[in-house]
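Data first, discussion second: the structure below is written as structure tokens.
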Amino acid sequence: MARSKANRKLIIVVGGFSAAAALLLGAVLVVNQVWIKNAERNVRAGDALMEEGKPRQAMEMYGRALSKKPDQVAYVEKMEEALSKVVATTPTQAAEDYRTMVQLKRARTRAQPTDPAQWRALLDAV
């Protein structure tokens, strides 16, 4: 009788841990899918802002997408396009835009590390 209780407790404990692990794995997969799909939503929002003539806000949305998928050269290109249409109104803003441009060149080298043209563009920018 004591052995039966011990086996039942063991089964309940192991089953509980297995169920918790399965729930945790499911939650991770769901969050991952939502996180990945957010990058495309951010790009669409950036595209809409570009059509409205708001390149600085579009740049922020493209930046969010790029932070989620840093290997996507298309996101870097969209952010560079938006940055090229931004007009700085203060010297501080111009300096910040320049730093952003250099960061985008670095992002290109991370996305395409074997492409010498990306490295040349980075070195030309700095």
| query | Using a Gaussian network for the chain with springs between C-alpha atoms less than 10 Å apart, which of these wobbles most: ALA94, ALA45, ALA21? | reply | ALA21
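Set the Förster distance to 30 Å, then compute FRET efficiency between ARG41 and PHE17 from the Cβ-Cβ distance, nearest 0.05. Working shown, then result.
On the way: r = 36 Å, r/R0 = 1.19.
It comes to 0.25.
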| Projected area of the chain, taken from the Cα convex hull and averaged over every viewing direction, in nm²? | 12.1
| request: May I ask you to derive the relative contact order of the range 1-122, considering only C-alpha pairs under 8 Å and at least 6 residues apart, and to give it as an integer percent? | output: 17
| task | Which order do the peptides 97-105, 48-56, 10-18 take when ranked by the mean count of other beta-carbon atoms within 10 Å per residue, highest first? | result | 97-105, 48-56, 10-18
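Let's test the formula: R0 of 30 Å, r as the Cβ-Cβ distance of SER84 and LEU25. What FRET efficiency results, to the nearest 0.05? Before the final figure, lay out the partial values.
Values: r = 43 Å, r/R0 = 1.45.
Once the sixth-power term is evaluated, E becomes 0.10.
Here, each number is a calculation from the coordinates, and none is a lab measurement. Quick caveat, the model's predicted, so the values are computed rather than measured. Here Cβ is always computed from backbone atoms with ideal geometry, including for glycine, and neighbour counts include all displayed protein chains.
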